[in-house]
Amino acid sequence: MNADSTSFAIGRQAPTKTGSGWWILSLLLFSMLTEGFVIPVLGRTPNLSLFDILLPMVVLYLLAMNFIGDHYSGFPDRTVLFLALAYLLAHLTSLLVNYSDVLRSIVAIKVFTFGFLSYWIIINVTRSRLSLERATESLILWGAVIGTMLLYRFVVDWSFLIDPQAGSEVKDQISILGWARSNYLASLLVPILPVAAGGVLGRRGIQRLMMILAAGLIAFGLLITMSKGAILSLIIGSLCALPVFRKAGLRLRHLFVLLGLAIIFLMFVPTDLVATNYDMILYRADNPDFNRLDLWRIAWQEFLRSPILGIGPNCIYIYNRQYAIDVLYSHNFVLNVLADLGLVGALPFFALLGILIRRSYIPCLCTSIDPRFRWISIGLFVGLISTLIHGLVEPTFPGREYSVVFWACAALTFLYDPSHTTVSSNEIGGQIVKRAESLPSF
């Protein structure tokens, strides 16, 4: 192995090039927690945050360093790249054909593009075992910070108001940073909590304690959002992953660890908060939300009317308002993409999701990988299944922050899969995977 290559050993200690760009993921994630400032455009008030400034700068810098260094190797994940380009082209085509709300359509294109560029950045700058661990920890830490912010607001503002009778009224007040409301905050935490749980099972000593603390803060934050769909999606996603747990070697000791932690966690959670979440779930089970059924029906009708190119990105709200429903989205990503983009956009999008699901499943069964990495892979798989289930009842993909979190998890899934070639030389559980050096060391 030459001096420029990096040994990426999972399961054994090996000399590595520790300098890498894992911190870029942390920088991008935490830059989204700034409120930004409003820029009026044609009667609209879009918010420009620090993230919107930093991400293009990072992309331009990395591209410049590739060409200046004369070792540009292209996009490591070609299949996902081609599908993403097809999905983006569907946005542009539907926009040009429909011309319904150009500004909102441009926002939809921006949200997907920025999320996918985050994916490209992460898989290119994460170049060693240490870098992959730090990138994963950065994502978990970001979720823990969201949970901490919710916990602080709960203690200061909401804890005095919460009770099973006033749950819905209090939920409407839950928001942080001026843009993040309860259900959307829950959608950000859903894919991260299983990853943190995987860190609890896979780490030892002080690292396990840190993961326990992070997972507890994320879970606490999720309870504070009082999002019924988020909680149920995690339960269903975990049940769907039971075959993976068995094949991965889930033992009674792991169940006892999780059960013990759950009991300790519930001891610290206010009784009223638990009772409110429980009662709200029971209430929704007895009183289904038929408004969502109306939204789904409208989206399906518009898809049938424009099955090829759809009605335009982010434009389903126009048709919702025709039925006196002032809601921006369909609260179901499947119907939303069918209505907005038709089959031209839906087919590459569903193909993308299928590839990501399959890719996240494979590392869970690789017994030669270090258990600490395998449990993170299982957490990524459970998080992906859970967040997709959640997206069937809540708008998730239209959000910029969610798009970045989703593609960050997809990038980690790619990096944890020992069968892929990426950007350094890997030794994953004894299996050598060659990775081309495409970017400078950070």
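The values are calculated or read from the model by the stated rules, or taken from the named source; none is laboratory data. Note that the structure is predicted; figures quoted are calculated from it, not measured. Neighbour counts are summed over all protein chains in view; Cβ atoms, including those assigned to glycine, are modelled from backbone coordinates with ideal geometry. Note: accessible area is taken over every heavy atom of the protein model, side chains too, but ligands, DNA and RNA are not part of it. Shrake-Rupley method; radii C 1.70, N 1.55, O 1.52, S 1.80 Å.
Quickly rank 329-340, 128-139, 82-93, 172-183 as a protection proxy: mean count of other C-beta atoms within 10 Å, highest first.
Result, highest mean Cβ count within 10 Å first: 329-340, 128-139, 82-93, 172-183.
How far apart, in nanometres, would the label points at Leu27 and Ile318 be if each is projected 7 angstrom from Cα along the Cα-to-Cβ direction?
It works out to 4.0 nm between the two label points.
Given a cut-off of under 8 Å on Cα pairs at least six residues apart, what relative contact order in percent is computed for the stretch 295-420?
25
Tell me the per residue accessible area of the stretch 61-150 using a 1.4 Å probe; a whole number in Å² is fine.
39
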